[in-house]
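Data first, discussion second: the structure below is written as structure tokens.
The values are calculated or read from the model by the stated rules, or taken from the named source; none is laboratory data. All figures in this text were calculated on a predicted structure; none of them were measured in a lab. All Cβ positions, even for glycine, are placed from backbone atoms using ideal geometry, and neighbour counts span all protein chains on display.
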Ligand SMILES: [Zn+2]
């Protein structure tokens, strides 16, 4: 779990690095926003660890693992998905829920 948080923080740093390389303002802003989202995700997860819980599967209530995070089409918002390690159920932060199988 701590590795995951480092991974998020690394992603945030990479976004900021990329932002420096972009010349147009919109791309820079999108990357900075993404870096902030990664940082928030890292903070959220370390908070959850301190509290001793993580996102739970709505089906079987097993701890869910972070699955993926995507930019939406306008490259502004980050969408987080979680996957249940037990039954494979995938839940998204913005939608109600979504199943792959
Ligand atoms: Zn489950």
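The rows are residues; the columns are (1) modelled with pLDDT of 80 or more; (2) within 21 Å of residue 7 (Cα to Cα); (3) within 13 Å of the ligand (Cβ to nearest atom).
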{"position": "49", "(1), (2), (3)": "no, yes, no"}
{"position": "62", "(1), (2), (3)": "yes, no, yes"}
{"position": "70", "(1), (2), (3)": "no, yes, no"}
{"position": "74", "(1), (2), (3)": "no, no, no"}
{"position": "78", "(1), (2), (3)": "no, yes, no"}
{"position": "89", "(1), (2), (3)": "yes, no, yes"}
Handout entry: Residue match in the stretch 7-26 (condition: within 19 Å of residue 64 (Cα to Cα), crowded, with 18+ Cβ neighbours inside 10 Å and in contact (Cβ under 8 Å) with a residue 12 or more places away in the chain)
Key = yes
